[in-house]
Amino acid sequence: MSITLTRGQRITLAKSDTTPLSRVRMGLGWQARPRPVSSGG
């Protein structure tokens, strides 16, 4: 999932069911990083 923010916008990193987040991955750049292709199996 990716999101686009403009200056001044905010996001909330909270789950709707109130369970705590265990991992957050964040990257900054002009383009989304391509997902690795699975080899199947």
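Every number in this text was worked out from the coordinates using simple rules, so none of it is lab data. This structure is a prediction, so every number in the text was calculated from the model and none was measured. Every residue, glycine among them, receives a Cβ derived from its backbone with ideal geometry; neighbour counts consider all protein chains shown.
Counting other Cβ atoms within 10 Å as a rough exposure proxy, the listed residues Leu28, Leu13 run Leu28, Leu13 from fewest neighbours to most. What is the chain by shape, rounded, prolate or oblate, if you read a ≥ b ≥ c off the alpha carbon gyration tensor as root eigenvalues and call it rounded for a/c under 1.5, prolate for a/b larger than b/c, and oblate otherwise? Oblate, because a/c is 1.5 or more while a/b does not exceed b/c.
Multiplying the sequence separation of Leu5 and Ser39 by 0.36 nm and subtracting their Cα-Cα distance, what value in nm do you get? All intermediate terms of the calculation are to be shown ahead of the outcome.
Numbers: separation 34, 0.36 × 34 = 12.24 nm, distance 3.33 nm.
The span from Leu5 to Ser39 would gain 8.9 nm if fully extended.
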